[in-house]
Amino acid sequence: MRVDAFWMARVAVFNVLLTSKANGFSVANPSASGRVAPPQSAAARCIRAHGSVRPNTPDAVMLYGAPQPSVGKKVDIETSLYSTTRNDDNDNNSSKAAINWLAVLFLGTISSLYWYWMVLAAAAVANEWPGSAWVPDAIPLVPGWPPSETELQPVIEDSFHFFYLSELLQNSEAPVVNPLRLAAFNVDEAWIFAYLIALWKDPQRLPRPILLGLWLILGINLTNAFLAPYLLVTEFNTNNQQSSTRTTIPGKNPIVAPLFGAIATAVVGYAVVQTIGADAQAWEEFQNLVVSDRTYLAFCVDLPLFAIFQPIILSRIKNSSNGNPQLEALDYVPIVGLVRWIFSKTNDTD
């Protein structure tokens, strides 16, 4: 009888502990809830010392119910009480998006080489920077450092034909330029122009005001000198990727997106027509320009790089809930896949 009374006292005090904890009360720290702690009996101190109720006793059955048959495994009461919380913590940790270090290495290499070879090559060689000896001989050092007005003249002439506006407005004062030069220049500009819609919907993007400023200042003027480092930086921005909705393609502005897509399509289409109609002399002049002017070499390098970056950006946007990109065959087709996505219909808008 003395033993039964002792265990019944333990059960009663343990019930008090559970009820107090559910109401935000702690015996060890009664000031946490502002309530007065009940007096601790010898049984309560015993429970605190032993930490559990003896299993397979009437007290344990009264408190926890009849024991369930176990299949080759002993279940600990404390483990069962906290298993839900622990599993939730594990699920949250496993759902965190991991950094793709292979993509970081790839984008970091391209960004470094593009900036050093396409942008800073002349300055590196002129000032004998570290690694200047590794600048390939195939990369022209024109424009030099600092660039002269004569060396920048071709780009200035091309700017009169930005998006073929001189042809559209029939501006007779615009300089006459090799059509292949204009085709390379305008295709690059149209592609980076259309990329803004995709970058705007990228779940890993930087804040939109920063993105827009970088795109206006660097993107339009330096093309891949902006895009490659931008993609590298946003590879580390996994928080937005985790919180984004991956089951559907994010929506686009129903006015701005089609407008950008239509302009890019018209510019690229006209450039293709100009390229097809170019004669042999125009091709020879353009080839000589590419091997002698680093700006036009960069325009030619931009095209395959844009083609590589296109599925990377679209896969971020189209990422499914299980982390597998839902890309289609046309998404890999240069420009076509990007413009097709821009014109695609989605449910939500920005």
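The values are calculated or read from the model by the stated rules, or taken from the named source; none is laboratory data. Model, not experiment: these values are computed from the prediction. Don't worry about glycine lacking a Cβ; one is built from the backbone with ideal geometry, like all the others, and counts go over all protein chains shown.
Residues satisfying the criterion are present in segment 318-335 (criterion: modelled with pLDDT of 95 or more, loosely packed, with under 15 Cβ neighbours inside 10 Å and closer than 27 Å to Ser112 by Cα).
Within segment 108-135, residues that are polar (S, T, N, Q) sit with their Cβ atoms under 8 Å from residues that are not in a helix (DSSP H, G or I), at 6+ positions apart or across chains, in these pairs: Asn127/Trp145.
Taken over segment 144-166, the criterion of being without any contact (Cβ under 8 Å) to a residue 24 or more places away in the chain and within 18 Å of Gly269 (Cα to Cα) is satisfied by Leu165, Ser166.
Of the residues making up segment 216-239, those that are of a type outside the set (A, V, I, L, M, F, W, C) and surrounded by fewer than 19 Cβ atoms within 10 Å (Cβ to Cβ) are Asn221, Asn237, Thr238, Asn239.
Only a single criterion out of (1) modelled with pLDDT under 95; (2) surrounded by fewer than 16 Cβ atoms within 10 Å (Cβ to Cβ) is not satisfied by Gly213, namely (1). Filtered by the rule that a residue be of a type in the set (Gly, Ala, Ser) and within 35 Å of the chain's Cα centre (by Cα), segment 142-186 gives Ser159, Ala183, Ala184. A single member of Val291, Val267 is aliphatic (A, V, I, L, M), in the same structural domain as Tyr114 (by TED's automatic domain parsing) and more than 31 Å from the chain's Cα centre (by Cα), and it is Val291.
How many residues does segment 166-190 hold that are part of a helix (DSSP H, G or I) and surrounded by 14 or more Cβ atoms within 10 Å (Cβ to Cβ)? Before the answer, list the steps.
Applying the first criterion (part of a helix (DSSP H, G or I)) to segment 166-190 yields 166-169, 179-190.
Checking which are surrounded by 14 or more Cβ atoms within 10 Å (Cβ to Cβ) leaves us with 166, 179-190.
Of the residues in segment 166-190, 13 are part of a helix (DSSP H, G or I) and surrounded by 14 or more Cβ atoms within 10 Å (Cβ to Cβ).
Taking segment 193-210 as the range and being over 20 Å from Val339 (Cα atoms) and either outside the structural domain of Leu305 (by TED's automatic domain parsing) or part of a helix (DSSP H, G or I) (or both) as the test, the residues that pass are Arg208, Pro209, Ile210.
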